[in-house]
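A.B. asks: Sharing a structure with you now.
The values are calculated or read from the model by the stated rules, or taken from the named source; none is laboratory data. In this text, all values refer to a predicted model and were calculated from it rather than measured experimentally. Counting neighbours? That spans all protein chains shown, and the Cβs are built from the backbone with ideal geometry, glycine included.
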Amino acid sequence: MKQKIVIAGGNGFIGKNLVAYFYQKNYEVIVLTRKPVKSTREAKQVFWDGKHSGDWTEELEGAKAIINLSGKSVNCRYHRKNKKVILNSRIDSTNAIGQAITQCLHPPKSWINASSATIYKHTTDEPANDEEIGKLGAGFSVGVVKAWEDVFFNSNTPKTRKIALRTAITLGKNGGALTPMWWLTRLALGGRQGDGNQFISWIHIHDLERICEWCINNEEAEGVFNCAAPYPVPNSTFMKTLRKATGHVIGIPAPAWVLDVGAFFIRTETELLLKSRKVVSKRLPEMGFDFKFPTLERTLLDLTRGWS
């Protein structure tokens, strides 16, 4: 009998990749979503509202794991309404899953909850933030992640291991952050953003998939893990490496004031580009996880093969 993986919020960029990965590994995959599409061989689609108990709670019975990716995208303007939805969508979905697990006769063996590497402070010259020496930041985004993790770890699920993945920028072929960056390089706008000194921490989507499976199957895996490749780089280096990988020579830089104007018109925040996220994982390598894509050059050459 196939082992069951339940993925809440499984129709987004990361979710779709996880569905395909676990399907190929011969798991039974269930997707909990507010907007179910037609179920396929890869996954059964089940409606949930991300807030309340419902028929979806039955899907957790006997599951190998529940992976919660639910939450409104932070790629938006941080006005009052969006801030409320960003926070509540994470808190409500985590609460709902915690309550559902308590109702299970055979609760999931493990619960992986998405988190974010943005919880750490803006860091440039100091050592990279890991799970032990990392310094937490302040502000709206940091507050959201702190509240999110508090609800998660305070959930009363004694028979279910809990793992929070503080994920860096996830790079993949079909969506995520890499696609708009690639378009910038095609338009000769792939230069440094701001002063270019802010660090970018990142992870190849395949390594993130492998981390999820590793956490599920490793009974010692519990608590917080940073999902970030071992070598974060400054923004200027990231963009230069991307231009090299895709064969683009010219990359016009974008000063901070240009980013401010652009962010206003495309309804997003410059924090997503200008905050320095210098993050690595100490726990994953110490516990035996091996990154297949540890360097940026190797990652971008793999993901942009065939791009121009």
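A.B. asks: Return a yes/no flag: does segment 120-135 have any residue that is among the β-branched types (Val, Ile, Thr), surrounded by 18 or more Cβ atoms within 10 Å (Cβ to Cβ) and part of a helix (DSSP H, G or I). Spell out the reasoning first.
C.D. replies: At the first step, the residues of segment 120-135 found to be among the β-branched types (Val, Ile, Thr) are 123-124, 133.
Still in the running and surrounded by 18 or more Cβ atoms within 10 Å (Cβ to Cβ): 123.
If we keep only those that are part of a helix (DSSP H, G or I) too, we end up with none.
Within segment 120-135 (the criterion being among the β-branched types (Val, Ile, Thr), surrounded by 18 or more Cβ atoms within 10 Å (Cβ to Cβ) and part of a helix (DSSP H, G or I)), the answer is no, since none of the residues qualifies.
A.B. asks: A further question on this structure: So which residues in segment 279-303 are crowded, with 20+ Cβ neighbours inside 10 Å and either on the phi > 0 side of the Ramachandran plot or part of a loop (DSSP other than H, G, I, E, B) (or both), if there are any at all?
C.D. replies: Within segment 279-303, Val280, Ser281, Phe291, Phe293 meet the criteria.
A.B. asks: Quick check on my filter: what residues within segment 28-48 are in contact with an Asp or Glu (Cβ under 9 Å, 6 or more places away or on another chain) and of a type outside the set (A, V, I, L, M, F, W, C)?
C.D. replies: Arg34, Lys44
A.B. asks: Turning to a different aspect of this structure: Restricting attention to segment 209-236, and to residues there that are touching a strand residue (DSSP E or B) at 6+ places or on another chain (Cβ under 9 Å) and within 13 Å of Thr299 (Cβ to Cβ), which single residue is surrounded by the most Cβ atoms within 10 Å (Cβ to Cβ)?
C.D. replies: Ala228
A.B. asks: So Glu269 fits all but one of (1) modelled with pLDDT of 95 or more; (2) surrounded by 17 or more Cβ atoms within 10 Å (Cβ to Cβ); (3) of a type in the set (Asp, Glu); (4) in a loop (DSSP other than H, G, I, E, B); what number is the exception?
C.D. replies: (1)
A.B. asks: Suppose we filter segment 175-221 for residues that are assigned to a loop (DSSP other than H, G, I, E, B) and within 30 Å of Lys109 (Cβ to Cβ); how many remain?
C.D. replies: Just the residues of segment 175-221 that are assigned to a loop (DSSP other than H, G, I, E, B), to begin with: 175, 177, 187-192, 194-198, 201, 218-221.
The next check asks that each one be within 30 Å of Lys109 (Cβ to Cβ); those that pass are 175, 201, 218-221.
Of the residues in segment 175-221, 6 are assigned to a loop (DSSP other than H, G, I, E, B) and within 30 Å of Lys109 (Cβ to Cβ).
A.B. asks: Name the pairs whose Cβ atoms lie under 9 Å apart, with the first residue in segment 278-295 and in contact (Cβ under 8 Å) with a residue 40 or more places away in the chain and under 11 Å from Glu131 (Cβ atoms), the second among the polar types (S, T, N, Q) and part of a strand (DSSP E or B), and 6 or more positions between them or separate chains?
C.D. replies: Note: pairs meeting the criteria are Val279/Asn129; Val279/Asn226; Val280/Asn129; Val280/Asn226; Ser281/Asn226; Lys282/Asn226; Arg283/Asn226; Leu284/Asn226.
A.B. asks: Would you point out the residue of segment 101-138, among those that are more than 20 Å from Ala8 (Cβ to Cβ) and hydroxyl-bearing (Ser, Thr, Tyr), that is nearest to the chain's Cα centre (by Cα)?
C.D. replies: Thr118
A.B. asks: Out of all the residues in segment 58-81, is one or more over 28 Å from Thr237 (Cβ atoms), under 19 Å from the mean Cα position of the chain (by Cα) and among the β-branched types (Val, Ile, Thr)?
C.D. replies: Among the residues of segment 58-81, at least one is over 28 Å from Thr237 (Cβ atoms), under 19 Å from the mean Cα position of the chain (by Cα) and among the β-branched types (Val, Ile, Thr), which makes the answer yes.
A.B. asks: Of all the residues that make up segment 3-21, how many are outside any helix (DSSP H, G or I) and either within 17 Å of Ser110 (Cβ to Cβ) or touching a strand residue (DSSP E or B) at 6+ places or on another chain (Cβ under 8 Å) (or both)? Full working, then the answer.
C.D. replies: Quick first cut of segment 3-21, residues outside any helix (DSSP H, G or I) only: 3-12.
Of the ones still in play, those that are also either within 17 Å of Ser110 (Cβ to Cβ) or touching a strand residue (DSSP E or B) at 6+ places or on another chain (Cβ under 8 Å) (or both) are 3-11.
Residues meeting the conditions: 9.
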